[in-house]
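The values are calculated or read from the model by the stated rules, or taken from the named source; none is laboratory data. Every value quoted in this text rests on a predicted model; they were computed, and no experiment measured them. Cβ atoms come from the backbone with ideal geometry, glycine included; neighbour counts cover every protein chain shown.
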Amino acid sequence: MNFLSTILLLLLACGAPVPPAPPAATSVAPAAPPISVDSIPAIPSYAYITGKFDPAEHPDFVPVADRYTDGDPYLLHRDTYAAFERMYAAADADGVKLVIVSATRNFARQKQIWEAKWRGERLLEGTEKADEVYPDPADRARAILRYSSMPGTSRHHWGTDIDLNALTNDYFEAGEGKKIYNWLTTHAADYGFCQPYTPKGDARPTGYEEEHWHWSYVPLAKQLTDYAATELRDDAISGFDGAQAAPQIQVVQNYVLGINTSCR
Ligand SMILES: [Zn+2]
């Protein structure tokens, strides 16, 4: 045994600490934590069209200024917002005041609304307790779908759609409301907006009832509608009470795609 071996044995016997390894010759920067697709989904993508993200965290979403709203906080995709600001200014110059009363609602928010109606905690059109009036799941879903979307299927997930001024058709049929609606039907298309839920009939045989208040920013929404047409599947709509009705009522074909052709 030579001198060096003896020293080494003595050190091991004494429990001497092993010296730290020298740094690697080529150090690699630590990997960034993975970005969840649920937090910042691309446009278009499945996570995006189904609203499974937080718009407040999405870099393409911006808050709507209070002067355009009923006072509640709203977010929109930046392209929709820029187009809305142009439309607002033109309407204002014509003496028409546009007020945003709803904008982006993600899956989690739509699930709250849907389940409150599904369980009868929130009445349909202020009168019907859905769980009692419609025991059959498909019937109950169709009743809620007169005016509310299933979570995962709402255009309000996309940051492209806004509700304006009032959430009743009556408001838009006389007086100030009629003036606003006439302005929108004449001019909204000039700013890229369409009304997806026009009266049901030959041109729009399925889907939600007419909504005078709901307007959609076509340049962005068209991409998302096209994506939904090929990628969104009834049997993948899940994660909330009543989701089992989605394939029964073919929610994608009849509701997501049941829109006015000027929005396609
Ligand atoms: Zn709406």
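Among V101, V96, which is within 13 Å of the ligand (Cβ to nearest atom), surrounded by fewer than 21 Cβ atoms within 10 Å (Cβ to Cβ) and touching a residue at least 60 places away in the same chain (Cβ under 8 Å)? It would help to see each step written out before you state the result.
Values: V96 fails: within 13 Å of the ligand (Cβ to nearest atom).
One residue alone meets the criteria, V101.
Given E128, E121, E132, which one is more than 16 Å from the ligand (Cβ to nearest atom) and in contact with an Asp or Glu (Cβ under 9 Å, 6 or more places away or on another chain)? Even if it seems obvious, please write down each step before you answer.
On the way: E128 fails: in contact with an Asp or Glu (Cβ under 9 Å, 6 or more places away or on another chain); E132 fails: in contact with an Asp or Glu (Cβ under 9 Å, 6 or more places away or on another chain).
Criteria check complete, one pass: E121.
Within segment 154-206, which residues are within 13 Å of the ligand (Cβ to nearest atom) and either on the phi > 0 side of the Ramachandran plot or aromatic (F, W, Y) (or both)?
W158, G159, N165, F193, Y197
Would you check if T206 is hydroxyl-bearing (S, T, Y) and surrounded by 14 or more Cβ atoms within 10 Å (Cβ to Cβ)?
no
Select from segment 229-264 the residues that are of a type in the set (F, W, Y) and assigned to a helix (DSSP H, G or I) and list them in ascending order. Write out each step before concluding.
Initial filter on segment 229-264 (of a type in the set (F, W, Y)): 240, 255.
Answer for segment 229-264, where residues must be of a type in the set (F, W, Y) and assigned to a helix (DSSP H, G or I): just Y255.
Considering segment 44-101 alone, what residues qualify as being over 15 Å from T160 (Cα atoms) and part of a strand (DSSP E or B)?
Scanning segment 44-101 gives a single hit, T69.
Quickly run through segment 81-98 and pick out the residues that are within 20 Å of the chain's Cα centre (by Cα) and under 16 Å from W213 (Cβ atoms). So that I can check it myself, show each step before the final result.
Taking segment 81-98 as the starting set, the residues that turn out to be within 20 Å of the chain's Cα centre (by Cα) are 81-84.
Scanning segment 81-98 gives a single hit, F84.
Which pairs do you get when a residue that is assigned to a loop (DSSP other than H, G, I, E, B), found in segment 147-158, comes within reach of a residue that is more than 9 Å from the ligand (Cβ to nearest atom) and among the aromatic types (F, W, Y), reach meaning Cβ atoms under 6 angstrom, with the pair 6+ apart or on two chains?
P151/F107; P151/W114; P151/F240; G152/F107
For segment 207-228, how many residues meet the condition of being within 13 Å of the ligand (Cβ to nearest atom) and in a helix (DSSP H, G or I)? Break it down stepwise before answering.
To start, the set of residues in segment 207-228 that are within 13 Å of the ligand (Cβ to nearest atom) comprises 207-217, 221.
Now narrow it down to the ones that are in a helix (DSSP H, G or I): 221.
Counting residues in segment 207-228 that are within 13 Å of the ligand (Cβ to nearest atom) and in a helix (DSSP H, G or I) gives 1.
Output the residue which, of all residues in segment 188-213 that are modelled with pLDDT of 95 or more and hydrophobic (A, V, I, L, M, F, W, C), is nearest to L257 (Cα to Cα).
Checking each candidate, the answer is C194.
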